[in-house]
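Here is the structure we will look at.
The values are calculated or read from the model by the stated rules, or taken from the named source; none is laboratory data. Quick caveat, the model's predicted, so the values are computed rather than measured. In this analysis, Cβ positions are derived from the backbone assuming ideal geometry, glycine residues included, and neighbour counts consider all displayed protein chains. Side chains are part of the model used for accessible areas, which takes the heavy atoms of the whole protein and leaves out ligands, DNA and RNA. Shrake-Rupley method; radii C 1.70, N 1.55, O 1.52, S 1.80 Å.
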Amino acid sequence: RRGVVAACARARPSGSGDTGKKTFFCFGAGYTGLGLACALQGDFVVHATTRSPAKQDLLRSCGIVPHLFDPSSGLKLSEEGEEALRSSTAVLSTIPPSTVVGPPHGVDPTAELIREVFSATRGSSLSSSSPPPEGLDWVGYVSTTGVYGERRGEWVTEETPVGSNPVSDRASARIRAEAEWLALPGELPVHIFRCGGIYGPHRNVLRTESKPENVRRRRNQQLVSRCHVLDVVQGLLKSMEAPNSGGIYNIVDDDPAPRDAVEAFALGLVGRPRPTEVVPSSSRQATKRVSNARLKGELGVVLRHPTYKEGMRAIVEGDIRPFTREVLDE
């Protein structure tokens with residue numbers, strides 16, 4: 001991630017003293033958050049949280065205003081951070097929920113913080129009948145297609161019930177977190193984005209070490225929904241342009257392909273041999289096919305990388321969009 005941040009930094013002037021711009025606040029300055037931040041700079045003053053004091057200078061050099069925040073360790077957002085949040089036009093959370101925190105506090109302290117901050121702004125508690133806080137047009141929460149669980153190769157849409165099929169502990173926490181965010185739609189213009197595996201520059205199969213356990217995991221995954229980070233950012237931007245409070249969107253490409261097929265294709269592009277480890281076919285498990293029809297139909301997204309083939313070719317050719325530098329640091 002440091003390479004991604006550094007790439008943004010070299011392409012953007014330092015400082016955050018822009019006036020007359022809207023404010024974007026991102027919880028989590030990770031891969032997706034930084035991609036959207038890079039796309040919004042120029043039109044927005046961008047604020048982002050990080051758990052690492054060392055990362056603050058890197059974010060500043062990107063032109064991003066940093067704020068320390070780590071609910072997992074009890075590190076609260078500062079008063080300056082809360083003020084920036086209150087003044088924001090758009091807010092995104094990419095922070096995963098806790099798998100251990102439960103009632104009455106919920107699994108997503110970020111959602112609770114947003115409720116508290118905007119209740120304080122209004123001077124009273126928000127309720128399901130409250131209008132959106134003045135100036136706040138859009139709130140996004142990045143979730144995962146893992147909430148659909150095991151579907152044995154069936155297609156799923158945003159209307160498919162979640163929680164009825166076996167899911168991992170992490171996916172179960174995501175389901176609970178989504179419910180906490182969607183408890184706010186009357187108060188805050190919340191949107192849920194269920195993303196497949198996010199890949200792109202500096203984060204793809206060519207950069208993953210071919211350890212035996214990674215090879216076995218790939219060969220064991222028969223169907224995997226994924227999306228290039230450029231198309232994830234595109235989906236978020238399209239939603240920001242046309243808010244639909246309470247909307248849920250799958251962000252995936254058109255081809256839920258096996259991971260070993262992606263690996264074979266990517267390695268072929270760069271002339272590298274495949275690892276020889278093979279898992280018996282009897283141990284392979286189908287999962288699900290995730291529809292992106294709503295993403296295309298309602299938001300009008302035209303995927304830049306409709307399959308992993310276009311995405312991996314772009315990566316090999318040096319296209320690092322949505323980031324803002326021709327080559328990422330190692």
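Annotations
The rows are residues; the columns are (1) in a loop (DSSP other than H, G, I, E, B); (2) among the charged types (D, E, K, R).
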| position | (1), (2) |
| --- | --- |
| 161 | yes, no |
| 172 | no, no |
| 179 | no, no |
| 184 | yes, no |
| 187 | yes, yes |
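- Residue within the stretch 241-257 that is modelled with pLDDT under 90, crowded, with 19+ Cβ neighbours inside 10 Å and on the phi < 0 side of the Ramachandran plot present: no
- When each of 151, 170, 207, 194 is tested for being open to solvent by less than 40 Å² (accessible area, probe 1.4 Å) and at pLDDT below 95, the lone residue that passes is 151.
- None of 277, 317, 263 is modelled with pLDDT under 95, of a type in the set (Asp, Glu) and under 16 Å from residue 203 (Cα atoms) except 263.
- Which numbered condition residue 98 misses (of (1) in a helix (DSSP H, G or I); (2) polar (S, T, N, Q); (3) out of contact with any strand residue (DSSP E or B) (no Cβ under 6 Å at 6 or more places or on another chain)): (1)
- Among residues of the stretch 290-312, those that are touching a Phe, Trp or Tyr at 6+ places or on another chain (Cβ under 9 Å) and of a type outside the set (A, V, I, L, M, F, W, C), counted: 7
- Subset of the stretch 179-191 [touching a residue at least 60 places away in the same chain (Cβ under 8 Å), of a type outside the set (A, V, I, L, M, F, W, C) and open to solvent by less than 10 Å² (accessible area, probe 1.4 Å)]: 187
- When residue 29 is tested against (1) of a type in the set (Gly, Ala, Ser); (2) out of contact with any Ser or Thr (no Cβ under 6 Å at 6 or more places or on another chain); (3) within 20 Å of residue 139 (Cβ to Cβ), only condition (2) is not met.
- Among residues of the stretch 240-259, those that are assigned to a helix (DSSP H, G or I) and under 25 Å from residue 153 (Cα atoms), counted: 1
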